[in-house]
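Following: one structure in structure tokens, then a few remarks.
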Amino acid sequence: MKRYTIATIEGDGIGPEVTQATMQVLRAAAGHDLLSFQMLDGGAGHYQKTGQVLPEDTFAACRDADAILHGAAGLPGVVYPDGTEVGNDLHLRLRFRLDLYANVRPVKLLPGVVSPLRGFDGGGIDYVIVRENTEGLYASRGAGVLLRGEMASDSLVITRKGTERVAEFAFRLAESRNGALRDGKRRVTVCDKANILRSYAFFRAICDEVHTRHPTVEIDYAYADAITVHMVKRPNFYDVIVAENMFGDIISDLGAATAGGMGISPSGEIGDDHALFQGAHGSAPDIAGQDAASPIATVLSGVMMLRWLGDRHGDARLYEAAARVEQAVETVLAERIAVPRDLGGTARCSEVADALCRVLA
Ligand code: IPM
Ligand code: MN
């Protein structure tokens, strides 16, 4: 039976503790013969020691592994001369070089988790943001114009190929779901500013073309400013939202906040041949090393990883392990067995992991 190699980059800040907790939980669910975690260097701390944020041997191992699991990267003050953060290059180089074009951010309010939105309880919010992850405004990372200290500019790049494939991903995802909670309609909402910029009008036009190939899914449009209101006022209208890179980055944190926060929000950065899974949060250096972080976002990213591997390999063991871990998370939170601090509890990182393992056992 195949054993899956998981390229594992703990990274910076709380990265090591949430990664170790997640490995403990995944091993408890899947056993030791299903997953093999290959520990790899990378991040701002590694850069400080070696000058390399993503060593070539780490990149090669990520390229050759079955999937990538990551904790978090980035340390304040570790920046390039142009002022941009070094740690972020760990993600960005992996995204661009492995072509991880769909950044999938589920927004799901779990039973037992309190939303800041009145009138929404566990199960009342359930949609997915699909963020284009390789171009948009991020295409200008390290390539913008800085002119004599008087002017700076970054270009927004929207390509037909980049938009087609992320829109295709979004429509197929909608076809696989059961529709928006509000009305049961399978729906893809295109988030853009087509009213203002041609590049976003182009993004929308390509999404319209892709929609013609998915007639059972409704297409919907929302400008990036307006959608922030709707995500607060009527989150149950949404099923799948597709957005350009920068807009997706921004609205996905708002979505996370409505479903319990960054500490519970997973992400899967998915390409045709590779995928990276990490919690949506950052490295939280202020609480690093205190066993204070919540591992749940990374654990739920591990669930996404197991399901993605299951889809690729048709291996029932992976789906079974994913379902067991997901159920354990819901049990631990709904029955308040171990509630992490960001969700109003006092449980430490290790205590949440131990509680999940007890439920799994
Ligand atoms: C995210 C983060 C990243 C981004 C950073 C860490 C590069 O904010 O994954 O949402 O800006 O995309
Ligand atoms: Mn972000």
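Observations on the structure shown:
- Fluctuation leader among 117, 147, 34 - the chain, Gaussian network, Cα springs under 10 angstrom: 147
- Share of carbon and sulfur in the accessible area of segment 115-259 stands at 53%, probe radius 1.4 Å.
- Cα centroid separation, segment 15-87 to segment 273-324 (Å): 13 Å
- Measuring nothing but how far apart in sequence close Cα pairs (under 8 Å, 6+ apart) lie, relative to its length, segment 115-259 scores a relative contact order of 36 percent.
- Given +1 at the Cβ of Lys and Arg, -1 at the Cβ of Asp and Glu and no other charges, the dipole of segment 284-358 around its Cα centre is 100 debye to the nearest 20.
- Label positions at residue 216 and residue 151, each projected 7 Å from the Cα along the C-beta direction, are separated by 5.2 nm.
- Over 29 Å [Cα-Cα, segment 115-259], rounded percent: 18 percent
- Put a plus charge on the Cβ of each Lys and Arg, a minus charge on the Cβ of each Asp and Glu, and nothing anywhere else: the dipole of segment 52-117 about its Cα centre is then about 360 debye.
- Rounded to 5, the percent of DSSP beta bridges in the chain classed as antiparallel: 40 percent
- Taking label points 7 Å from Cα along the Cα-to-Cβ direction, residue 232 and residue 140 give a separation of 2.8 nm.
- Length available on full extension from residue 93 to residue 175: 0.36 nm per residue minus the Cα-Cα distance, which gives 26.4 nm.
- For segment 186-244, the spread of Cα coordinates along the three principal axes comes to 29, 29, 14 Å, biggest extent given first.
- Size descriptors for the chain, from the alpha-carbon set: Rg then Dmax equal 19.7, 62 Å.
- Karplus (6.51, -1.76, 1.60) ³J(HN,Hα), θ = phi - 60°, over segment 330-336, in Hz, Gly and Pro reported as x: 5, 5, 4, 7, 5, 8, 6
- Solvent exposure of the chain as accessible area per residue, Å², 1.4 Å probe: 41 Å²
- Dipole in debye (nearest 20) - the chain, about Cα centre, beta carbon charges: Lys, Arg +1; Asp, Glu -1: 660 debye
- Whole-number D in µm²/s for segment 225-318 (Stokes-Einstein; Kirkwood sum over Cα pairs; 20 °C, 1.002 mPa s): 143 µm²/s
The values are calculated or read from the model by the stated rules, or taken from the named source; none is laboratory data. As the structure is a computational prediction, the values presented were derived from the model and not from experiment. Every residue, glycine among them, receives a Cβ derived from its backbone with ideal geometry; neighbour counts consider all protein chains shown. For the accessible areas, the whole protein counts, side chains as well, though only heavy atoms, and no ligand, DNA or RNA atoms are used. Shrake-Rupley method; radii C 1.70, N 1.55, O 1.52, S 1.80 Å.
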